[in-house]
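One structure is given here, and the rest of the page talks about it.
Since every read-out is calculated from the coordinates, none of them should be taken as a lab result. Quantities reported herein were computed from a predicted structural model and do not represent experimental measurements. With ideal geometry, Cβ positions are generated from the backbone for all residues, glycine too; neighbour counts draw on all protein chains shown.
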Amino acid sequence: MAVALDQQHLCALKASDFFNNSCTLEQRHHIMTTMDIKLYESYIFLGKPDDYLRILVAPLPPQPTAERCYQLVGNTNEIDEVMVKYPPTHYTYGCSYNSKTIHELVYSNWNQGARLYFLHPYMMGDNSSAFEWGYAAWCKGLLDQPDKDKWVHGYYKLENGRMVRYGSNDQSWGRLYIKPIC
C-alpha cells in the first residue's frame, strides 16, 4: 500500500545510490508513488534498501536517458583541454556541480575571456523562504579578473534585468561530462 513519504524515508531515498544514479525519472516517480513504507523499513533495517527499490522498478524496463549517456572526462577547469579532444561540434558538455544530476553546460566567449555556465537556471540558497533562480558559472580571462589564466567559479542571479554575481567558491570546480551529439 502506497503511503505519503515522510522526511525520514525521503532522506533514505536521497542517500540511495541506486535511486539517484541508476533510476530514470519514470522509475523514481514509480518508486515514490508505489512504495510500501513498512516493507521499505524492513529492507532499511536489513541494510539493503536498494534491493527493495530494484524490486519495485523491475517490471519497468530501464529507459535510456540523456543523463546516462554522459561520460566523466575531468573537471570544469579542464574544459579547454577537453574541448580539443572532444570538440563542441561533436559533443555536449555537462556538469554535476551542486547536484547529483548532470546539467548541460554552455561555453561562450564575448570579446574578452570565456564563460562556462549551466544552460538552465536552478534554485539557489539555503533558506527555503528565500530561494532564488540562478546559475553556477566559471569564468576565465575577463577584464576584471586579476589572474586571467585561471577559471574562477561564481554564482549569478538576475537582478533588475542584469546578471549579478552574488557569491563565489573561487577555484572550486565541478565534475565535467561529455556526451555525443546525436
> If we count other beta carbons within 10 Å of each Cβ, what is the order of 175, 162, fewest first?
Replying inline: 162, 175
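Can you check what the Kirkwood hydrodynamic radius comes to for the chain, Cα pairs only, in Å to one decimal? Please list the in-between numbers first.
Working: mean 1/r = 0.0533 Å⁻¹.
About 18.8 Å for the chain.
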> Taking 0.36 nm per intervening residue step and subtracting the Cα-Cα distance, what contour gain separates residue 69 from residue 17 on full extension?
Replying inline: 17.0 nm
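Considering lysine pairs in region 67-180 that are 8 or more places apart or on different chains, how many have Cα atoms under 22 Å apart?
On the way: 85/140; 85/150; 85/179; 100/157; 100/179; 140/148; 140/150; 140/157.
So the count of such lysine pairs works out to 8.
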> Looking at the chain, do any whole DSSP H helices span at least 20 angstrom along their long axis by alpha carbon and average 0.0 or above on Kyte-Doolittle, and which?
Replying inline: none
> So who's got an amide H within less than 5 Å of the one on residue 176, skipping anything under 5 residues away but keeping other chains? H placed 1.01 Å off N, in plane.
Replying inline: 73, 74, 75, 76
>> In whole Hz and in residue order, list the ³J(HN,Hα) couplings for region 98-106 that follow from phi through the Karplus curve 6.51 cos²θ - 1.76 cosθ + 1.60, θ = phi - 60°; x for Gly and Pro.
In response: 6, 6, 8, 8, 8, 10, 5, 10, 10
>> With 10 angstrom as the radius, rank 28, 115 by how many other C-beta atoms surround their C-beta, starting from the fewest.
In response: 28, 115
>> If the reach is capped at under 17 angstrom between alpha carbons, list the lysines near residue 38, excluding any in the same chain fewer than eight residues apart.
In response: 48
> For the modelled label position 7 Å from the Cα of residue 144 along Cα-to-Cβ, which residues of region 104-137 have backbone nitrogen atoms closer than 20 Å?
Replying inline: 108-118, 133-137
> For residue 81 and residue 46, FRET efficiency with R0 = 41 Å and r from the beta-carbon atoms, rounded to 0.05?
Replying inline: 0.35
>> Per 0.36 nm of contour for each residue apart, how much would the distance between residue 10 and residue 170 grow if the chain were fully extended, relative to their Cα-Cα spacing?
In response: 54.4 nm
